[in-house]
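Heads up, the thing below is written out as structure tokens.
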Amino acid sequence: MKLILLGPPGAGKGTQAKMLTERFSIPQISTGDILRAAVKDKTPMGLKAKQYMDAGGLVPDEVVVGIVRDRLQEADCINGFILDGFPRTVAQADALQTSLEEMDKALDRVISLDVDAEALVERLTGRRTCKDCGRGYHVQFDPPRVDALCDACGGSLFQRDDDQEETIRKRLQVYADQTSPLISYYRDADVLIELDGMQPIPQVQEKMLSLLQAG
Ligand code: AP5
Ligand code: MG
Ligand code: ZN
């Protein structure tokens, strides 16, 4: 299955991608996670990306397009993949289309998660992430069993640098301006599924699986 999860910051792309990865044994490709790893390792790409990420803006298209093109060539993508947070501009979507055609592949589905702006801010200000395995939590909606520790691996939880309210509002604006046009882009390509992302996590999961299984 070759999927894109589309949606604003905090829509639940990462949360749902982790579940789909286990279910279908295909990798989650999160450009945000790849970029944060590069920032942490202080690679040249990471040092360049950091300024855009801290400001809540987008990293230049050529950087992320290159990351994804290389990642899709890896062996674990042979049976499919879940793109989480890519593409985010029409130029990225066009570049993805070209890469897939070169590999003789095509997208199966693009799932667009729709969530109200105020709920997004609430989700992002309360998000916590495991520093060791990357699992996401929410202080109120999905708390860990033991405060500040990961249920899965016992790692400590941290708050992302860009999850401050001012940066969140900037990211939401960038989504509206640069990424939301992809909803009609993929509707026109006849691969779009629109899903109400306002339900609790397990209900969104269930609905997503039933829509995917319906083909
Ligand atoms: P990225 O890491 O992709 O961030 P994002 O798109 O802003 O999305 P998030 O990860 O914040 O949200 P999510 O939808 O994954 O939500 P989650 O599941 O965690 O990108 C970061 C930055 O990198 C960008 O700003 C940009 O600078 C750069 N970048 C990345 N990709 C790029 C690209 N392609 N081009 C250019 N630049 C790029 O859930 C959020 C919280 O809500 C969690 O706490 C979770 O527990 C909770 N939650 C989830 N679902 C529910 C639910 N149904 N009900 C209640 N709570 C829920
Ligand atoms: Mg995410
Ligand atoms: Zn963990």
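Taken together, the values in this text are just the output of simple stated rules run on the coordinates, not laboratory data. It should be emphasised that the depicted structure is a prediction, and the values quoted were computed from it without experimental measurement. Every residue, glycine as well, gets a Cβ built from its backbone with ideal geometry; the counts of neighbours run over all protein chains shown.
Here are the numbers for the structure shown:
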read-out	value
Within the stretch 11-53, considering residues that are hydroxyl-bearing (Ser, Thr, Tyr) and under 9 Å from the mean Cα position of the chain (by Cα), the one nearest to residue 116 (Cα to Cα)	15
Condition check for residue 99: surrounded by 15 or more Cβ atoms within 10 Å (Cβ to Cβ), among the polar types (S, T, N, Q) and assigned to a helix (DSSP H, G or I)	yes
Some residue of the stretch 90-108 being over 23 Å from residue 211 (Cα atoms), among the hydrophobic types (A, V, I, L, M, F, W, C) and near ligand 1 (Cβ under 8 Å from one of its atoms)	no
Some residue of the stretch 36-59 being of a type in the set (Ser, Thr, Tyr), more than 16 Å from ligand 2 (Cβ to nearest atom) and surrounded by 18 or more Cβ atoms within 10 Å (Cβ to Cβ)	no
The stretch 110-136, residues that are within 15 Å of the chain's Cα centre (by Cα) and either among the charged types (D, E, K, R) or within 16 Å of ligand 3 (Cβ to nearest atom) (or both)	114, 123, 127, 129, 134, 135, 136
Of residues in the stretch 116-135 being surrounded by 16 or more Cβ atoms within 10 Å (Cβ to Cβ) and of a type in the set (Gly, Ala, Ser), the one farthest from ligand 1 (Cβ to nearest atom)	134
Positions within the stretch 137-165 being outside any strand (DSSP E or B) and within 10 Å of ligand 3 (Cβ to nearest atom), in sequence order	144, 150, 151, 152, 153, 154, 155
From the options 15, 21, residue that is touching a Pro at 6+ places or on another chain (Cβ under 8 Å) and either under 21 Å from residue 81 (Cβ atoms) or part of a loop (DSSP other than H, G, I, E, B) (or both)	21
